[in-house]
Amino acid sequence: MSLSRLFFIACVMTFATGAVARSTPQAPLKIECGDFLRILHKKPPRVVFSSCEFDKNRQGKPLRAIYRVAGIHAASAESFLVRTVHLSRLRKSCCQWDSPSSQFTGKDGRAYIIYMMSPETNVESRKQWGDIPSFEIVVETLTEDI
């Protein structure tokens, strides 16, 4: 029997047994809004969970957990997140301190986006972060495949 004939038979058998990958519509992923950093054991000390929002009008229908940390503790929270979830370090841009979004995979296998920012400020040096009342940390995960 020729090699091409064997390949054809193998393809037919694979199809007949249902081993071919099928495209099926994905149902929305089941996850609830909450304190993601605590659930994933990635929450820095002195970081306070503020709220969680569901954005049904945005692509992927993300859940967004929002945290606050006092300026005096922002550097240690940033260092913790850089080590544990590979947060990009904050930089001064225009009128605030902020980090580009970083992505990490939680122990639950889900992808999470994280970023950190200050409010508008005149503070020019990291050593002065204590003069900023608080920073915000945002963690998002999608509830639908894109």
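Points to keep in mind about this one:
- Zone of C94's modelled label, taken as backbone nitrogen in segment 108-146 under 18 Å from a point 7 Å along Cα→Cβ: 115-124, 136
- Partner lysines whose Cα lies under 16 Å from the Cα of K127, excluding those fewer than 8 positions away in the same chain, are identified as K92.
- Relative contact order, percent, segment 71-134 [alpha-carbon distance under 8 Å, six or more residues apart]: 35
- Other residues whose C-beta falls under 15 angstrom from the C-beta of D35 contribute a net charge of +3, scoring Lys and Arg +1 and Asp and Glu -1.
- Local electrostatic count at H86 - Lys and Arg +1, Asp and Glu -1, tallied over other residues with Cβ under 14 Å: +2
- With R₀ fixed at 30 Å, the C-beta to C-beta distance from S79 to I31 puts the FRET efficiency at about 0.60.
- Taking 19 Å as the straight-line reach from the Cα of K107, the aspartates and glutamates in range (excluding those fewer than 8 positions away in the same chain) are E32, D35, E140, E144, D145.
- For D145 and R46, the FRET efficiency from 1/(1 + (r/R0)^6), where r spans their Cβ atoms and R0 equals 35 Å, is about 0.50.
- Computed from Cα atoms alone, the Kirkwood hydrodynamic radius reported for segment 62-131 is 12.9 Å.
- Residues in segment 110-135 reached by a label modelled at R58 [backbone nitrogen below 18 Å; 7 Å Cα→Cβ]: 110-119
- The share of C-alpha pairs in segment 41-97 whose separation exceeds 12 Å stands at 72 percent.
- Residue-count net charge about F104 - beta-carbon cut-off 11 Å; Lys, Arg +1, Asp, Glu -1: +3
Readers should treat all values here as calculations from the given coordinates under stated rules, not as data from a laboratory. Bear in mind that the values here come from a model prediction, so they are computed numbers and not experimental data. Reconstructed Cβ throughout: ideal geometry from the backbone, glycine too, with neighbour counts over all protein chains shown.
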